[in-house]
1. Outside the structural domain of residue A:473 (by TED's automatic domain parsing), in contact (Cβ under 8 Å) with a residue 40 or more places away in the chain and within 28 Å of residue A:396 (Cα to Cα): does that describe residue A:245?
2. May I ask you to verify whether residue A:156 is under 23 Å from residue A:132 (Cβ atoms), surrounded by fewer than 18 Cβ atoms within 10 Å (Cβ to Cβ) and touching a residue at least 24 places away in the same chain (Cβ under 8 Å)?
3. Restricting attention to the stretch A:339-359, which residues are within 7 Å of chain B (Cβ to nearest Cβ) and touching a strand residue (DSSP E or B) at 6+ places or on another chain (Cβ under 9 Å)?
4. Is it the case that the stretch A:257-275 has a residue that's assigned to a loop (DSSP other than H, G, I, E, B) and touching a strand residue (DSSP E or B) at 6+ places or on another chain (Cβ under 6 Å)?
5. Restricting to the stretch A:332-369, name every residue that is crowded, with 20+ Cβ neighbours inside 10 Å and in a helix (DSSP H, G or I).
6. Among A:163, A:169, A:205, which is the only one that is assigned by TED's automatic domain parsing to the domain that holds residue A:143, under 23 Å from residue A:288 (Cβ atoms), in contact with a helix residue (DSSP H, G or I) (Cβ under 8 Å, 6 or more places away or on another chain) and in contact (Cβ under 8 Å) with a residue 40 or more places away in the chain?
7. For the list (1) without any contact (Cβ under 8 Å) to a residue 24 or more places away in the chain; (2) more than 8 Å from every other protein chain (Cβ to nearest Cβ); (3) out of contact with any strand residue (DSSP E or B) (no Cβ under 9 Å at 6 or more places or on another chain), I need the number of the one condition that residue A:373 fails.
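The values are calculated or read from the model by the stated rules, or taken from the named source; none is laboratory data. Every value quoted in this text rests on a predicted model; they were computed, and no experiment measured them. Cβ coordinates were reconstructed from backbone atoms using ideal geometry, including for glycine residues, and neighbour counts include every protein chain displayed.
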């Protein structure tokens, strides 16, 4: 079939730096075309060029065989090309219907026609298979529902090409599955779907063809038939990725270092209990919003909480992170940019911030010692940076995570809690981070890994505690670790259905 | 934004970061050249020393404001606080009645203690009341101002002891090695301020707090204490400014320190400190305070604009400084 949208030899440069070079891509009606690549491979730039947000530096776009240039996203939309953004771009205080028609309100005698907009909103949402109330304020919807509203808003205009940019980043497996249903429905209507993701299992489940980008270059375009995730990863990274996870260190012991009993964090967690042993990697699984982050923030004093926390046979209660750090417990937030690093400050200031007391000379800071620590951290953690003077916000996601690890390791903790250690991290760096986590356990530290990626929990952890709706739903021992077991505890759905979801998605 | 930053070459970025730090100094040089062209009397040592001396109060207060603003806060109450402190200091001296050094020292101590307490009050309400500093200090601004009006019964509070006035006078009017004492005071305050902000853990914590409060909290920075202390430092700086101010006129009135908050914040912003916090520049602030006074001086020496419009020009300067800051920021 003839392609509806074709990109020919697209290149894009920002100043002297070329981020895309010579990319060609065909989108056929009725296909789901996935574009995969590591962070920084140029996926998002390509998508923004195709949807008119950016003009290409070189190359041309062809719509239905005719060359075309878009003056902007509005122009592209007028030609039937819509983009569903990765971030939620909705006004939280307006209702669903108001958001859907924001900037394109239906008018009657010069006044907005709320009734007509409500009706159309209801119809579109029903088509998407959801019963969201058009009069509800968007701020009161769940993240998944907000994304549905965003999709509905994109589909409101007549569309031939719909582009999704990492749509499942904030969704639970079940929510993602219903998104795939929507995508399949679009495909059956003859729409060309462009799907950008770095979750390879998802791509396998939903795509018809896959284009792989690496370092701004086109590596391959293949049919999904016979293309397994492992091979996709190899194409993305350019080397064999079958050994993503290191050997689990044989240091897991019976020596309990931390016992948590009946922990409660108001509004988030109730009755959570678990134990953590020396030299082990303890996983915490569950859906987003299950209360895992809040539980640990409560334990280290970042949130009000009550319950019994016993550290080495001594009951403790931390009022803030400083006290927890003094007791040898560090927590690395999942929200690296918002809670982990000062994006507007340089690497040195970020590195020493938590352990500033160690750099004291009298009451003053010993900058020389800080510089030395930075040299050491860049070497130990393989932080790749063009220059030591960069701001933390200018590092890639993976290097930010390494910097955050380096920062917290300066405190010489005994217990390390890492929340979503590889979120937004490219696959090559993932491997390094996994190896580092394993080495922490091998040194005899106790490590907690909170993760929404089940493969990660299975590949990395000795045991996995699974939370559901603010409670501990159960624990999976090393010998029983499987996606089915985790999904079952995380969702409470009986096993056949869980297996179905796991097979279809994660 | 990170995207665009990432794409620009490091050389370019470094240049513009320097621009932010350098721009107040460039503005200062431009102003001095302009002043010299307009009036030959401008570039005399006595005129320049006079200008810097007059900028001392604002400069000292603005050093404190640099801490508050770099930490992500704001203090609008400094002008009223200065008036209240001056009033209470003079009343204390009058009530003690003596004309000796001991009396003076006690009065000075009272001034510093009161201003530190006022700053502490601001800080505690902001941190523990979790109220916007803009609102808190707007409130205390009104409170301090009306307290001084009440103490003065709407009139003037004057130092009554003539001996004491003679004893205290040199603090504003005398020089050491040819440098007026107020200038020495403000250089010392700035040097100590710079040392604290740039070289101590506390200073680092202030910058971290101003950059991102959550990151500071998750990194174990004692944010309550740090934030409150910035306001206490602001209070102490106001106290020191009052110590230099009182001997100048020997009195406090309901209009003492009027609009000083505007001038202090302007000096801080001209100096390159980010109004949203996270970047603090003590020496830039000092230059900013001098620039404000230079502009007033040039206006007096020239005949272009009426000197009654000094406030308008200073108000315009803060707006222009913000525009420059933003364009420098955007240029990155």
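1. It is true that residue A:245 is outside the structural domain of residue A:473 (by TED's automatic domain parsing), in contact (Cβ under 8 Å) with a residue 40 or more places away in the chain and within 28 Å of residue A:396 (Cα to Cα).
2. For residue A:156, the condition - under 23 Å from residue A:132 (Cβ atoms), surrounded by fewer than 18 Cβ atoms within 10 Å (Cβ to Cβ) and touching a residue at least 24 places away in the same chain (Cβ under 8 Å) - is met.
3. Listed by number, the residues that qualify are A:340, A:342, A:344, A:345, A:354, A:356.
4. So far as the stretch A:257-275 goes, no, none of its residues is assigned to a loop (DSSP other than H, G, I, E, B) and touching a strand residue (DSSP E or B) at 6+ places or on another chain (Cβ under 6 Å).
5. A:336, A:339, A:340, A:347, A:349, A:350, A:351, A:352, A:356, A:359
6. A:205
7. (1)
Let's see how each residue does on (1) assigned by TED's automatic domain parsing to the domain that holds residue A:53; (2) over 24 Å from residue A:5 (Cβ atoms); (3) loosely packed, with under 14 Cβ neighbours inside 10 Å:
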residue: A:86; (1), (2), (3): yes, no, no
residue: A:92; (1), (2), (3): yes, yes, yes
residue: A:95; (1), (2), (3): yes, yes, no
residue: A:101; (1), (2), (3): yes, yes, no
residue: A:113; (1), (2), (3): yes, yes, no
residue: A:118; (1), (2), (3): yes, yes, no
residue: A:128; (1), (2), (3): yes, no, no
